[in-house]
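Bear in mind these aren't lab numbers, they're just calculated from the coordinates by the rules spelled out. In this text, all values refer to a predicted model and were calculated from it rather than measured experimentally. FYI the Cβ positions are ideal-geometry reconstructions off the backbone, even for glycines, and counts take in every protein chain you see.
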Amino acid sequence: MGKDVIIACDFASKEEVFSFLDKFTEEKPYVKIGMELFYGAGPEIVREIKKRGHKIFLDLKLHDIPNTVKKAMRVLSQLDVDMCNLHAGGTISMMEAALEGLTREDGTRPLLIAVTQLTSTSQERMESDLLIHEPLDKVVMHYASNAAKAGLDGVVCSPLEAGKVHDTCGKNFLTVTPGVRFADGDVGDQVRVTTPAKAKEIGSDYIVVGRPITAAEDPVAAYRRCVAEFVG
Ligand code: C5P
C-alpha cells in the first residue's frame with residue numbers, strides 16, 4: 001500500500017478550492033474534502049475535483065442506523081471517491097452495512113476508514129458525557145479492532161497512535177493521520193503533533209495535512225517538502 005500525503009482542503013467555497021488547486025501544475029495531490037466544502041458546494045464539487053484528476057478522501061464521518069448509512073454509502077460510491085469514513089461508535093453492524101452499501105456492482109469500492117474517539121474528546125468528557133470509564137487509549141484501540149472486525153480498511157488516528165494500531169490490527173490496517181507539522185512551523189490549534197518524517201518513522205500510511213500547506217506562502221513547495229519527508 002503506497003504512502004501518500006493528503007491535503008485537507010478546508011475552504012468554504014468552490015472558487016477558493018479551485019484557485020488553490022490551480023497552483024499545482026505538475027502534480028495532482030490527493031485531497032480531503034470535509035463537511036464544510038461538501039455541504040456548501042454540494043456533490044458536484046467532488047465530481048469536478050475528480051475530473052481534474054485528483055484522488056479524493058471524502059471526510060463526512062457518517063453515523064446513523066445501519067440501513068441509512070448503507071444507503072448513504074451507496075450514493076458516495078457512485079460519486080467515485082477514493083476514501084470515505086464513518087464513526088466506529090455506530091457499532092460493528094453499522095460498519096458492516098456501510099461496507100455493503102459502498103461496494104459497487106463490479107465488486108470495487110472506495111477505502112473505508114473509521115473515526116474512533118475524536119481527538120477533541122478528553123478522558124474527562126468521555127467519562128462525564130458518554131459514561132465510558134475505560135482509559136481513552138484502550139477505547140481507541142477497541143474501536144479500531146471493531147473496525148477491523150467489520151472488514152474496514154483502517155482508522156483515522158494521531159500519528160503517535162499509528163504504531164499501536166498496527167500492532168493491534170495488523171500492519172495492513174491503514175492509519176490515516178492528521179496533526180502533522182513541519183519541525184520549524186506553527187503548531188496552531190493542534191496539540192499532539194509530529195513532523196512528516198516522524199509520521200513515516202512511526203508507520204502512518206497517509207498523512208492529512210491542512211494549514212502547513214494551504215496557508216503556506218508557497219503551497220506547492222510545502223506540499224513537495226511533505227512528500228519528500230514522508231514518502232521519501
Ligand atoms: O490544518 P490542519 O493540518 O490542522 O488540518 C488537519 C485536518 O485534519 C483538518 O481537516 C481537521 O479537521 C482534520 N482532523 C484533525 N484531527 C482529527 C481528525 C481530523 O485535525 N482527529
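Okay, here's what the table says:
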{"quantity": "Complete set of residues in region 146-199 that are assigned to a loop (DSSP other than H, G, I, E, B), away from the ligand (no atom under 11 Å from the Cβ) and crowded, with 22+ Cβ neighbours inside 10 Å", "calculated": "L152"}
{"quantity": "Pair list, Cβ under 7 Å, 6 or more apart: region 201-217 residue without any contact (Cβ under 8 Å) to a residue 40 or more places away in the chain, other residue more than 7 Å from the ligand (Cβ to nearest atom) and not charged (D, E, K, R)", "calculated": "P212/F182; P212/G185; P212/A222; A216/A222"}
{"quantity": "Test: residue in region 125-139 that is touching a Phe, Trp or Tyr at 6+ places or on another chain (Cβ under 8 Å) and surrounded by 20 or more Cβ atoms within 10 Å (Cβ to Cβ)", "calculated": "no"}
{"quantity": "Among the candidates V165, V176, residue that is within 30 Å of S93 (Cα to Cα) and in contact (Cβ under 8 Å) with a residue 60 or more places away in the chain", "calculated": "V176"}
{"quantity": "Matching residues, region 32-54, being in a helix (DSSP H, G or I) and either among the β-branched types (V, I, T) or within 21 Å of C157 (Cα to Cα) (or both)", "calculated": "M35, E36, I45, V46, I49"}
{"quantity": "Leading residue by the ranking (surrounded by the fewest Cβ atoms within 10 Å (Cβ to Cβ)) among those in region 100-124 that are more than 22 Å from I65 (Cα to Cα) and in contact (Cβ under 8 Å) with a residue 12 or more places away in the chain", "calculated": "S122"}
{"quantity": "Within region 8-58, tally of residues that are within 16 Å of the ligand (Cβ to nearest atom) and touching a residue at least 60 places away in the same chain (Cβ under 8 Å)", "calculated": "9"}
{"quantity": "Residue list for region 71-93, restricted to those being within 16 Å of H142 (Cα to Cα) and either touching a residue at least 60 places away in the same chain (Cβ under 8 Å) or away from the ligand (no atom under 16 Å from the Cβ) (or both)", "calculated": "A88, G90, T91, I92, S93"}
